[in-house]
Amino acid sequence: MAATAFTVLIDPGHGGDDTGAKSKMTGSEKQILEKDLALSISKKVYDKLKPFHSVYLTRSIDRNVTLKERSELAEKIKADIFVSIHLNSAPSKDSNGVEIYYLDNHNDVAVKKVENLENIIVAGEEQQINHILTDLIIQQTVDQSKLLASSLDTSIKKGVVIKHKMKNRGVRPGLFYVLALAKRPGVLIEVGFISNQEELKKLQTESFQTDMSNAIVEGILKFSRAQKKPKVSLF
Ligand SMILES: [Zn+2]
């Protein structure tokens, strides 16, 4: 089987006018933006995954990408999985840790807060998601998305959480437009909180970004190896 039999779309959150969450180190005036850290980690994942799979980025530079463009690319390249990379932010400066979301319905109040942040539609883009369609997409993708999330959770626990003394907030169901519109098994990873000073310091280091990207690659590879089905030809 060729190395390109499995296609992965890596989605660095936000971009361009949409900065995502922002924060500053105490005593510094420099704004640190979610869109920049998400892109940096995503590019590392892309480079490391390239020898194994057919892999694409929804953006490789700092530019606006609409939800529609992200989902159209997933369709065009026939992505097997969609992996969106984000950074978390919370009003409480103490909140910290890694969370992995897969698309599903839920009633979790804490999760709704994260959804509110990540589901902000960039000006000019219409909300194009409807509930019936979302339910159908969930039905078709939830089992695979959960497996992918769990595989990533294991590799992130092993490669990042212990070494960088981070909290593992685990795997959670969430209703994110970007996952619904991608219409394929996918996850949204919140790699850490930029609103937490101690964590913000770690998130900017080469060491954290390398370990996190390695862990994401390992989680994807473990998932994709388990997916390999024998090719059966009927004719
Ligand atoms: Zn985000």
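Residues in the range 201-235 that are at pLDDT below 95, part of a loop (DSSP other than H, G, I, E, B) and not β-branched (Val, Ile, Thr): how many?
Number satisfying all stated conditions: 7.
If you check PRO51, PRO91, which single one turns out to be over 18 Å from GLN204 (Cα atoms), within 16 Å of the ligand (Cβ to nearest atom) and either small (Gly, Ala, Ser) or more than 14 Å from the chain's Cα centre (by Cα) (or both)? Please lay out each step first, then the result.
Numbers: PRO51 fails: within 16 Å of the ligand (Cβ to nearest atom).
One residue alone meets the criteria, PRO91.
Select from the range 1-48 the residues that are of a type in the set (Gly, Ala, Ser), assigned to a loop (DSSP other than H, G, I, E, B) and under 12 Å from the mean Cα position of the chain (by Cα) and list them in ascending order. I'd like the intermediate steps shown before the answer.
So in the range 1-48, the residues of a type in the set (Gly, Ala, Ser) come out as 2-3, 5, 13, 15-16, 20-21, 23, 27-28, 38, 40, 42.
After this cut, where a residue has to be assigned to a loop (DSSP other than H, G, I, E, B) as well, the list is 2-3, 5, 13, 16, 20-21, 27-28.
The answer is GLY13, and nothing else.
May I ask you to verify whether ASN64 is surrounded by fewer than 18 Cβ atoms within 10 Å (Cβ to Cβ), more than 16 Å from the ligand (Cβ to nearest atom) and more than 15 Å from the chain's Cα centre (by Cα)? Please lay out each step first, then the result.
Working: surrounded by fewer than 18 Cβ atoms within 10 Å (Cβ to Cβ): yes; more than 16 Å from the ligand (Cβ to nearest atom): no; more than 15 Å from the chain's Cα centre (by Cα): yes.
So ASN64 fails the test.
If TYR177 satisfies all but one of (1) touching a Lys or Arg at 6+ places or on another chain (Cβ under 8 Å); (2) at pLDDT below 95, what's the number of the condition it fails?
Failing condition for TYR177: (1).
Inspect all residues belonging to the range 121-136 and state whether any of them is surrounded by fewer than 22 Cβ atoms within 10 Å (Cβ to Cβ), over 14 Å from the mean Cα position of the chain (by Cα), in a helix (DSSP H, G or I) and hydroxyl-bearing (Ser, Thr, Tyr). Break it down stepwise before answering.
The initial filter retains those residues of the range 121-136 that are surrounded by fewer than 22 Cβ atoms within 10 Å (Cβ to Cβ), namely 121-136.
Filter once more, keeping what is over 14 Å from the mean Cα position of the chain (by Cα): 121-136.
Those left that are additionally in a helix (DSSP H, G or I): 131-136.
If we keep only those that are hydroxyl-bearing (Ser, Thr, Tyr) too, we end up with 134.
Looking through the range 121-136, at least one residue is surrounded by fewer than 22 Cβ atoms within 10 Å (Cβ to Cβ), over 14 Å from the mean Cα position of the chain (by Cα), in a helix (DSSP H, G or I) and hydroxyl-bearing (Ser, Thr, Tyr).
Can you tell me which of LEU73, LEU117, LEU87 is under 30 Å from GLU198 (Cα atoms), surrounded by 15 or more Cβ atoms within 10 Å (Cβ to Cβ), at pLDDT 95 or above and of a type outside the set (Phe, Trp, Tyr)? Quick ask: steps written out before the conclusion?
Values: LEU73 fails: under 30 Å from GLU198 (Cα atoms); LEU117 fails: at pLDDT 95 or above.
It is LEU87.
Select from the range 1-33 the residues that are of a type in the set (Asp, Glu) and within 17 Å of LEU117 (Cα to Cα) and write down the one among them that is surrounded by the fewest Cβ atoms within 10 Å (Cβ to Cβ). If you could, list the steps in order and put the result at the bottom.
From the range 1-33, those of a type in the set (Asp, Glu) are 11, 17-18, 29; that's our starting set.
Checking the rest, the ones that are also within 17 Å of LEU117 (Cα to Cα) come to 11, 17-18.
Details: ASP11: 28, ASP17: 11, ASP18: 19.
Among those that are of a type in the set (Asp, Glu) and within 17 Å of LEU117 (Cα to Cα), it is ASP17.
For residues that are touching a strand residue (DSSP E or B) at 6+ places or on another chain (Cβ under 7 Å) and of a type in the set (Gly, Ala, Ser), scanning just the range 29-48, find the one that is farthest from the ligand (Cβ to nearest atom).
Top of the filtered list is SER42.
Could you please let me know if SER71 is more than 16 Å from the ligand (Cβ to nearest atom) and either out of contact with any Pro (no Cβ under 8 Å at 6 or more places or on another chain) or under 22 Å from LYS113 (Cα atoms) (or both)?
Values: more than 16 Å from the ligand (Cβ to nearest atom): yes; either out of contact with any Pro (no Cβ under 8 Å at 6 or more places or on another chain) or under 22 Å from LYS113 (Cα atoms) (or both): yes.
The answer is yes for SER71.
Return the pair list, or none, for Cβ contacts closer than 8 Å from residues in the range 31-51 that are free of Cβ contacts under 8 Å to residues at least 40 places away in the same chain to residues that are of a type in the set (Lys, Arg), at least 6 apart or on different chains.
GLN31/LYS22; GLN31/LYS24; LEU33/LYS22; LEU39/ARG59
Quick check: is even one residue across the range 7-28 acidic (Asp, Glu) and more than 16 Å from the ligand (Cβ to nearest atom)? Talk me through it step by step, then tell me what you get.
Going residue by residue through the range 7-28, those that are acidic (Asp, Glu) are 11, 17-18.
Remaining after also requiring more than 16 Å from the ligand (Cβ to nearest atom): none.
No: zero hits.
Could you tell me whether any residue of the range 34-54 is modelled with pLDDT of 95 or more and loosely packed, with under 13 Cβ neighbours inside 10 Å? Talk me through it step by step, then tell me what you get.
Of the residues in the range 34-54, the ones modelled with pLDDT of 95 or more are 34-54.
Checking which are loosely packed, with under 13 Cβ neighbours inside 10 Å leaves us with 47, 51.
Looking through the range 34-54, at least one residue is modelled with pLDDT of 95 or more and loosely packed, with under 13 Cβ neighbours inside 10 Å.
The values are calculated or read from the model by the stated rules, or taken from the named source; none is laboratory data. These numbers come from a predicted model, not from an experiment. Cβ coordinates were reconstructed from backbone atoms using ideal geometry, including for glycine residues, and neighbour counts include every protein chain displayed.
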